[in-house]
């Protein structure tokens, strides 16, 4: 991998899709930087950057079936982009996973093969 661009994955080892995406990368000879975002959560600026790379709005990146989504009332249409991003930063379980970053692009590994387009 000498000279290869760094590939990073926001990973949850308990998630089947996340493990599958990591395995897919490794099958292609890529050993990514692994960020277990539950233990090392991204800040608001990192989440904003991910949203820009993905071309998504905050709710599109949120796991709406997580209990904390309902508990925090995150479906309230009056919430601002910043409030939603701050909620993801404070509660990283809300962030859809996995997200792979490579070559100035990002992709969500749902399905895992979706990340191949940016490699």
(message) Test of understanding: among 70, 89, which residue is more than 13 Å from the chain's Cα centre (by Cα) and on the phi < 0 side of the Ramachandran plot?
(response) 70
(message) Can you go through 84, 79 and tell me which one is assigned to a helix (DSSP H, G or I), surrounded by 15 or more Cβ atoms within 10 Å (Cβ to Cβ) and at pLDDT 95 or above?
(response) 84
(message) Every residue in region 87-114 that is farther than 16 Å from residue 37 by Cβ and surrounded by 18 or more Cβ atoms within 10 Å (Cβ to Cβ), please.
(response) 102, 112
(request) Out of 50, 89, 107, report the one residue that is assigned to a helix (DSSP H, G or I), in contact with a strand residue (DSSP E or B) (Cβ under 8 Å, 6 or more places away or on another chain), under 18 Å from residue 11 (Cα atoms) and modelled with pLDDT of 95 or more. (result) 50
(request) Scan (1) assigned to a helix (DSSP H, G or I); (2) under 21 Å from residue 90 (Cβ atoms); (3) touching a strand residue (DSSP E or B) at 6+ places or on another chain (Cβ under 9 Å) for the single condition residue 59 breaks and write down its number. (result) (3)
(message) If the requirement is being surrounded by fewer than 19 Cβ atoms within 10 Å (Cβ to Cβ), at pLDDT 95 or above and touching a helix residue (DSSP H, G or I) at 6+ places or on another chain (Cβ under 8 Å), which of these qualifies: 55, 20, 29, 73?
(response) 20
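The values are calculated or read from the model by the stated rules, or taken from the named source; none is laboratory data. Just so we're clear, the structure is a prediction, and the values are computed from it rather than from any experiment. Note that we place each Cβ from the backbone using ideal geometry, even for glycine, and neighbour counts take in every protein chain shown.
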